[in-house]
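Before any comments, here is the structure.
The values are calculated or read from the model by the stated rules, or taken from the named source; none is laboratory data. Since this is a predicted model, take the numbers as computed values, not measurements. Here the Cβ positions follow ideal geometry from the backbone for every residue, glycine too, while neighbour counts run over all protein chains shown.
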Amino acid sequence: MTRAGKYFPFILFAFSGLWLACTQTRDPCLTPKIASFNVETMHLLTDTSTVFADTALPAAVFIPLARVDSNAGTIFPQQSDFTISLSPDSNVCRWQFTTDSFAFAFDTLTFYYQRNQQFISNACGFTYFYTLDSVHTTKHNIDSAHITNTSVTNNVNTKQLQIFIHPDF
């Protein structure tokens with residue numbers, strides 16, 4: 001075996017290591033891609049609709065009435081803050097909601113909004129952000145609903161909707 005043949009595996013290993021070290025890898029998407037529609041429930045303590053408190057519902061259920069990307073038929077035990085999704089295919093989205101598993105009647109929440117395609121980054125691509133126009137509800141357990149922020153983005157810390165639960169609950 002020649003001297004060059006003896007060192008060939010080491011030279012090949014060194015060049016392959018350098019080649020792998022110099023290849024560019026695409027940055028992973030570190031930004032949330034799905035817009036967070038955050039809902040907070042408040043309990044009306046009197047019929048005057050003036051006194052309310054943050055309410056941890058025993059086992060709230062949210063069920064989408066059309067295809068959405070996440071949280072389909074989710075039960076949230078002992079929570080007062082919830083995250084649901086809006087449909088990227090329509091300007092209207094409907095959810096069924098009950099305050100305690102299946103023990104109480106379901107209310108229907110209908111959201112009307114505008115969809116805005118948003119570029120996040122090269123690594124993340126595009127997503128939809130939304131602008132809420134209005135919300136309509138049935139009144140079984142819900143007294144009223146109030147939009148607190150019309151902008152639905154990937155900011156997980158912003159609450160967009162307050163649902164006021166009837167005092168009889």
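Tabulated data for the structure shown
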| item | result |
| --- | --- |
| For Ala123: the one exception among (1) farther than 25 Å from Leu45 by Cα; (2) in contact (Cβ under 8 Å) with a residue 60 or more places away in the chain; (3) in contact with a His (Cβ under 9 Å, 6 or more places away or on another chain) | (3) |
| Residue match in the range 62-69 (condition: in a loop (DSSP other than H, G, I, E, B) and modelled with pLDDT of 70 or more) | yes |
| Flag for Phe102 being of a type in the set (Phe, Trp, Tyr) and out of contact with any Asp or Glu (no Cβ under 9 Å at 6 or more places or on another chain) | yes |
| Residue within the range 105-117 that is more than 23 Å from Asn154 (Cβ to Cβ), in contact (Cβ under 8 Å) with a residue 12 or more places away in the chain and hydrophobic (A, V, I, L, M, F, W, C) present | yes |
| For Phe119: the one exception among (1) closer than 13 Å to Ala35 by Cα; (2) under 16 Å from the mean Cα position of the chain (by Cα) | (2) |
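Per-residue answers, yes or no, for (1) within 22 Å of Lys33 (Cα to Cα); (2) surrounded by 12 or more Cβ atoms within 10 Å (Cβ to Cβ):
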position: Ser87; (1), (2): yes, yes
position: Asp100; (1), (2): no, yes
position: Phe111; (1), (2): yes, yes
position: Phe126; (1), (2): yes, no
position: Phe129; (1), (2): yes, yes
position: His140; (1), (2): no, yes
position: Asn155; (1), (2): yes, yes
position: His166; (1), (2): no, yes
